[in-house]
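Working notes for the structure below.
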């Protein structure tokens, strides 16, 4: 059986793949594949992360979950701003997708190493 941490990391790897799919498969097929990979793992990643926080905090997880929620919110604000800044470049979307995919891979590696 996989631990919450491994499920969380695996979800990040699937998301990273989904984010990168449009780079190599443009068009509706790539969008559908990306949607399935990212959308299909979003709740799994969220729930496994929260369950891991509860496990690590041993019953006192409110502060840790609040920190995770804050980090998520910051990402939700900064992500579109970054995309907006990069959108002025001819390759801005591609750069954004690469950065997002590499970020997800990096977090998966961190999760698997700890």
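The values are calculated or read from the model by the stated rules, or taken from the named source; none is laboratory data. Bear in mind the structure is a predicted one, so any value in this text is a computation, not a measurement. Methodologically, a virtual Cβ is constructed for each residue, glycine included, from the backbone with ideal geometry; neighbour enumeration extends over all protein chains shown.
Of 57, 62, 16, all but one fail to be without any contact (Cβ under 8 Å) to a residue 12 or more places away in the chain and closer than 21 Å to residue 113 by Cα; the exception is 57. Within region 1-46, if we keep just the residues that are more than 22 Å from residue 94 (Cα to Cα) and either in contact with a strand residue (DSSP E or B) (Cβ under 6 Å, 6 or more places away or on another chain) or outside any helix (DSSP H, G or I) (or both), the residue that is modelled with the highest pLDDT turns out to be 3. Taken together, 85, 95 contain a single residue that is surrounded by 11 or more Cβ atoms within 10 Å (Cβ to Cβ), touching a helix residue (DSSP H, G or I) at 6+ places or on another chain (Cβ under 6 Å) and at pLDDT below 90, which is 95.
Tell me the residue from 56, 78 that is in a helix (DSSP H, G or I) and touching a helix residue (DSSP H, G or I) at 6+ places or on another chain (Cβ under 9 Å), please.
Just one listed residue meets the conditions, 56.
Would you pick out the residues in region 14-40 that are exposed (fewer than 13 other Cβ atoms within 10 Å of the Cβ) and within 12 Å of the chain's Cα centre (by Cα)? The answer is 39, and nothing else.
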